[in-house]
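> The following block contains the structure, expressed as structure tokens.
The values are calculated or read from the model by the stated rules, or taken from the named source; none is laboratory data. Since we're looking at a predicted model, the values are computed, not measured. As a convention, Cβ positions derive from the backbone with ideal geometry for all residues, glycine included, and neighbour counts pool all protein chains shown. What goes into the accessible areas is simple: the full protein's heavy atoms, side chains included, and nothing from ligands, DNA or RNA. Shrake-Rupley method; radii C 1.70, N 1.55, O 1.52, S 1.80 Å.
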Amino acid sequence: MPAVGRRWGLRPRPRRTGFRPLPSRTKVRASYVARDPGMRLSAYFLPTLKENPAEAQIVSHRLMLRAGMIRQTAAGIYAWLPLGFRVLKRVEQIVREEQDAAGAQELLMPTIQSADLWRQSGRYDDYGKEMLRITDRHDREMLFGPTNEEMITDIFKSYVKSYRDLPKNLYHIQWKFRDEVRPRFGVMRGREFLMKDNYSFDIDADGAKRSYQRMFLAYLRTFARMGLKAIPMRADTGPIGGDLSHEFIILADTGESGVFCDRRWLDLDVLAAAPGYDEDLAPFFERYTSIYAATDEKHDPATSPLAASELVSARGIEVGHIFYFGTKYSGPMGAVVAGPNGEPVTVEMGSYGIGVSRLVAAIIEASHDEAGIVWPDSVAPFRVGLVNLKSGDAECDAVCEELYGALTRAGVDVLYDDRDERAGVKFADMDLIGLPWQLAVGPRGLKNGVVELKRRATGERQELSKDAALARLTG
RNA sequence: CGGCCGGUAGCGCAGCCUGGUAGCGCAUCAGACUGGGGGUCUGAGGGUCGCAGGUUCGAAUCCUGUCCGGCCGACCA
């Protein structure tokens, strides 16, 4: 149940049911209880920039700074301002919904972990300087978690004692810290980042592979919902370890990894024939892992099965990574359950990560133009930007208020630019922050009884009556 | 962690070489004119020049140290 996501006001909803009742004596204005999904720009904290900050090298970083989404507070560490925060929460919510649909269960583990836990798996020394190590007032060794295999294994083994309780798949969405030598590209490669990580526990290798395949499908569905084409590629397992692993890569010129894939990937709709989670996922998995795709670590031109004409060489952004690693952690840490015959069985594990904060930048890399960001509808901070082209004009103000009220009542997230600014400034800001729809109301149009609706992605504009515009935006 | 570059108003930058009243554009504030794609004019506010030490009558400027940031490499969701 996405209880947390619900609180953030992320999706349009006609009515709210999740509130605790207020004490009966408390007097509250109705507008407070039924929170307005809209926002007036004159009151909103949206510090947009006209010029490009010097430190930003790639387009997503530049646009996130210019659109007032983030603010760097230290190398690789960012504050999320209201607009950026909305997008982050929407991305997070899509990830959550797809995890839930795949049968994973959400929990929340702390950011700070004890060093002792990591000594049990032997990774305390292996992880090196990437791990931020801290001591508390009693000189106890702690660390800011870069990942959670040890902690989840510890939690799991404390309670789960029987094969009857398997399989289990637990996830959380929590801030991680990896002390990168060289953070760069904004939230694309920050030191602190929001990650969804989950962990599957199965009684045997066959079960673990089924869990792996479920996540494989869940990941494809997740990225597709954000308007991204993510290609699963054979990958190195790195410090997580294991023998089966795929990275999910979005093709982008600014990507950090070199990648190679079969040309067929470019216009493949992987979800067209996707099975349901209750079906046998093996054929689907086999099919899409057999179409060649590999990161440069795994790609060997000498043994490549593809002719040069069929092979695409590109750059990519890693947005997800899944691992099957068997008993690498359950073994040393003693995650053992009783099997069907009462014998002890060490559980088979996998772990699965999605870089939630990185995805925000990755989506921008994949969807922008000269004027700014072009948000896919599914993650846009607001659905509609309502532009009053002449604030202070009685008729413009009245029509805007009417549209604003109607949209918010219909549960449409709308950002109303009611500022006393020139039309050009308002259009430029709207294009920059990339809301899917712009609804412009000006005296010239009103004279003819029309408003202008613009689709950000295509630039297509249409003049229509305000009722027709409302119907389009609420339908 | 190695190499290179940088830190001057919220942002973008000049001034530094050759020491002598800290500047420009944008942004901000006030007012006026404007009003369909970052408009024009008038006026105003905003800086211990990253920090510490040194040289000097005098340091943004020269020297030393230090912190922070960017780029290139090696490493990573």
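> What angle, in degrees between 0 and 90 and rounded to the nearest 10, separates the Cα long axis of helix A:394-409 from the longest principal axis of the Cα atoms of chain A?
Roughly 30 degrees, rounded to the nearest 10.
> Report, ordered by chain and residue number, the lysines lying within cross-link reach of residue A:466, taken as a straight Cα distance under 29 Å and ignoring same-chain residues fewer than 8 apart.
Residue A:466 reaches A:390, A:426, A:447, A:454.
> Just order A:154-160, A:79-85 by mean Cβ neighbour count inside 10 Å, highest at the front, would you?
Numbers: A:154-160: 15.9, A:79-85: 18.0.
With the highest mean Cβ count within 10 Å placed first, the list reads A:79-85, A:154-160.
> While we're looking at this one, here's another question. Each residue of segment A:166-180 in turn: what ³J(HN,Hα) in whole Hz from Karplus with 6.51, -1.76, 1.60 and θ = phi - 60°, glycine and Pro shown as x?
Each residue's phi maps through the Karplus curve to give 9, x, 9, 9, 10, 9, 9, 10, 8, 6, 10, 9, 10, 7, 4 Hz.
> Run the numbers for residue A:273 and residue A:410: contour at 0.36 nm per residue of separation, minus the present Cα-Cα distance, in nm. Write out the running numbers ahead of the final one.
Values: separation 137, 0.36 × 137 = 49.32 nm, distance 3.44 nm.
Going from the current span to full extension adds 45.9 nm.
> Let me ask something else. Going by amide H atoms built from the backbone, whose H comes under 5 Å of the H on residue A:416, apart from near neighbours?
Amide H neighbours of residue A:416, under 5 Å, 5+ apart: A:39, A:40, A:41, A:386.
> Now a separate question. Can you list residues whose amide H is under 5 Å from residue A:255's amide H, if they're 5+ apart or on another chain and H is modeled 1.01 Å from N?
A:316
> Same structure, new question: Between residue A:308 and residue A:101, how many nm apart are label points set 7 Å from Cα along the C-beta direction?
That separation, rounded to one decimal, is 4.2 nm.
> For segment A:360-369, in order, what is each residue's ³J(HN,Hα) by Karplus, 6.51 cos²θ - 1.76 cosθ + 1.60 with θ = phi - 60°, in whole Hz (x at glycine and Pro)?
4, 5, 5, 4, 5, 4, 7, 8, 7, 9
> Just to be sure I understand the curve: with the Debye formula and one point per C-alpha of segment A:75-143, what is log10 I(q)/I(0) at q = 0.13, 0.14, 0.21 Å⁻¹?
At q = 0.13, 0.14, 0.21 Å⁻¹ the computed log10 ratios are -0.67, -0.75, -0.97.
> Right, something else. Over chain A, average the accessible area per residue using a 1.4 Å probe and give it in Å², no decimals. Show your work: numbers first, answer last.
Values: 22380 Å² over 475 residues.
For chain A, the per-residue accessible area is 47 Å².
> Along the Cα-to-C-beta direction of residue A:77, a point sits 7 Å from the Cα; which residues of segment A:127-145 have their amide N less than 17 Å from that point?
A:130-136, A:142-145
> Find how much the distance from residue A:472 to residue A:234 grows on full extension, using 0.36 nm per residue of separation minus their present alpha carbon separation; answer in nm with one decimal. Present the calculation step by step, with values, prior to reporting the outcome.
Values: separation 238, 0.36 × 238 = 85.68 nm, distance 4.33 nm.
Full extension of this stretch gives 81.4 nm more.
> Here's another thing I want to ask about it. Just tell me which lysines come within less than 16 Å, Cα to Cα, of residue A:157; anything on the same chain fewer than 8 places away is out.
Partners within reach: A:168, A:328.
> Let me ask another. Specify the angular offset, from 0 to 90 degrees and rounded to the nearest 10, of the alpha carbon long axis of helix A:423-433 from the longest principal axis of the alpha carbons in chain A.
10
> Using the Cβ atoms and a cut-off under 10 Å, what net charge is assigned to the surroundings of residue A:295, where Lys and Arg are +1 and Asp and Glu are -1?
Working: positive: A:234, A:298; negative: A:236, A:247, A:296, A:297, A:318.
That works out to -3.
> Sticking with this structure for a sec: With +1 on each Lys and Arg Cβ and -1 on each Asp and Glu Cβ, how big is the dipole of segment A:37-147 about its Cα centre, in debye rounded to the nearest 20? Walk me through the numbers on the way to the answer.
Numbers: 15 positive and 14 negative charges, 129 e Å.
Once rounded to the nearest 20, the dipole reads 620 debye.
> Kindly write out, for segment A:289-306 in residue order, the coupling ³J(HN,Hα) from the Karplus curve 6.51 cos²θ - 1.76 cosθ + 1.60 (θ = phi - 60°), rounded to whole Hz, with x marking Gly and Pro.
8, 8, 7, 4, 6, 8, 6, 4, 5, 9, 8, 10, x, 5, 10, 4, x, 10
> If I ignore ligands, DNA and RNA and count only protein heavy atoms, how much of residue A:228 is accessible to a 1.4 Å probe, in Å² to the nearest 10?
Spelled out: residue A:228, probe radius 1.4 Å, area about 20 Å².
> Right, next: Working only with C-alpha atoms, what are the Rg and Dmax values of segment A:78-117, expressed in angstrom?
Reported Rg and Dmax, both Å: 14.1, 39.
> To the nearest 0.05, how large is the calculated FRET efficiency for residue A:137 and residue A:371 if R₀ is 56 Å and r is the Cβ-Cβ distance? Write down the numbers at each step before the final one.
Numbers: r = 52 Å, r/R0 = 0.92.
After rounding to 0.05, the efficiency reads 0.60.
> With charges set only on the Cβ (+1 for Lys and Arg, -1 for Asp and Glu), what does the dipole of segment A:347-465 come to about its Cα centre, in debye to the nearest 20?
Numbers: 13 positive and 20 negative charges, 31 e Å.
Approximately 140 debye in magnitude.
> Now for a different question. In whole angstrom, how long is each semi-axis of the equivalent ellipsoid of chain A, when you take the square root of 5 times every eigenvalue of its Cα gyration tensor and sort them from largest down? Display every interim value, and only then the final one.
Values: eigenvalues 368, 139, 102 Å².
Working from the Cα gyration tensor, I get semi-axes of 43, 26, 23 Å.
> Shifting gears a bit: Amide H to amide H under 5 Å from residue A:292: which residues, 5+ apart in sequence or cross-chain, H placed 1.01 Å off N in plane?
For residue A:292, the qualifying residues are A:262.
> Here's a follow-up. Can you give the FRET efficiency for residue A:158 and residue A:444, using 1/(1 + (r/R0)^6), R0 = 60 Å, r = Cβ-Cβ distance, to the nearest 0.05? Intermediate values should be presented prior to the final figure.
On the way: r = 69 Å, r/R0 = 1.15.
Once rounded, the FRET efficiency stands at 0.30.
> Let me ask something additional. In cubic angstrom, how much convex hull volume per residue do the alpha carbon atoms of segment A:186-273 span?
Expressed per residue, the convex hull around the Cα atoms of segment A:186-273 is 145 Å³.
> In nm, give the distance between the simple-model label positions of residue A:204 and residue A:280, each being 7 Å from the Cα along the Cα-to-Cβ direction.
That separation, rounded to one decimal, is 1.6 nm.
> Now for a different question. Using Cα-Cα distances under 8 Å and only pairs 6 or more residues apart, what relative contact order does segment A:89-158 have, in percent?
Numbers: 47 pairs, mean separation 19.9, N = 70.
It comes to 28 percent, rounded to a whole number.
> Dipole of segment A:239-324 (Lys/Arg Cβ +1, Asp/Glu Cβ -1, origin at the Cα centre): which of A:323, A:305, A:272 lies farthest to the positive side?
A:305
> Run the accessible area of chain A with a 1.4 Å probe and give the carbon-and-sulfur part as a rounded percent. Before the final figure, lay out each step's value.
On the way: 11030 of 22380 Å².
Carbon and sulfur atoms account for 49 percent of the accessible area of chain A.
> For segment A:426-475, give the magnitude of the charge dipole about the Cα centre (Cβ charges: +1 Lys/Arg, -1 Asp/Glu; no others), in debye to the nearest 20. All intermediate terms of the calculation are to be shown ahead of the outcome.
Numbers: 9 positive and 6 negative charges, 15 e Å.
Taking the Cα centre of segment A:426-475 as origin, the dipole is about 80 debye.
> Angle, helix A:82-101 long axis vs. longest principal axis of chain A, Cα atoms, 0 to 90°, nearest 10?
Orientation of helix A:82-101: about 50 degrees from the principal axis.
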